[in-house]
Amino acid sequence: MAANSSPAILPISNPQSAPNSAAAGTDNQQLSSSSTSAVRVFVSGISETVRSGLANRRPWPELLDRSAFSKPESLSDATVRIRKNYTYFRINYLSVITAVLAISLLTNPFSLIVLTGLLAAWLFLYLFRQASDPPVTIFGRQFSDLETLTFLIVSTVVVIFLTSVGSVLVSALMVGVAIVCLHGAFRAPEDLFLDEQDQQGAATGFLSFLTPAVAQPPVAARV
């Protein structure tokens, strides 16, 4: 008599596990690519802004022409000179203030490290985040966008007002503005000429080069 044999057991696989894993991997790749695209757009925007601004600066020998320096006749004359020189040399003046800030931060490594960390936190925890990104998770606790923004604002206030970083920034800005005002007061603007486009751009503010200028036919005008 033939021995009873038990039926063979066939392995059963879950057909949904592979698609779910593939979908999760695709979502992670999309989130990573979106974050990378945001970083690239931000960096390219800064690079384009810096290039366009530096392209519109005045020649440095013209800024430092010693024959054009003279003592202002009065306080009102100094104020008029500062306004006219600011209109003409605004990109150069911004570069001078930026250089003073950079030197001040390089000579204060603690302030530089703290500001770099604060900037990185703003970029990667708030500015570069997409609506589809998962919430920020720290030590197993999830934080909403509002909580993350509140934390960043409080951290910024603490860093700027309750540490030496604020005094370093304010001191550097005061030194840079003082240099600009001294140059503007003693630099006679009689030999400076602006076209109509420059006059319109100067009216938008000190950071006017951050916005694209509208092409206008150049019309010479005396400062």
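None of the figures in this text is laboratory data; all of them are computed from the coordinates on show. Predicted model, so just to flag it, every value in this text is computed and none were measured. Positions of Cβ are generated from backbone atoms using ideal geometry, with glycine treated the same way; all protein chains shown enter the neighbour counts.
Counting Lys and Arg as +1 and Asp and Glu as -1, what is the net charge of the other residues whose Cβ lies under 15 Å from the Cβ of Val177?
+2
What ranking do 106-117, 85-96, 58-69, 178-189 get when scored by the average of other Cβ atoms within 10 Å per residue, highest first?
Values: 106-117: 14.1, 85-96: 20.5, 58-69: 11.6, 178-189: 18.0.
Ranked by mean Cβ neighbours within 10 Å, highest first: 85-96, 178-189, 106-117, 58-69.
Roughly what would the spin-label model give for Thr116 and Lys71, points 7 Å off Cα along C-beta, in nm?
4.7 nm
Let's test the formula: R0 of 25 Å, r as the Cβ-Cβ distance of Arg57 and Leu106. What FRET efficiency results, to the nearest 0.05?
For R0 = 25 Å, the calculated efficiency reads 0.65.
Could you compute the net charge surrounding Ile91? Neighbours are other residues with a C-beta less than 10 Å from the C-beta of Ile91; K and R count +1, D and E count -1.
+3
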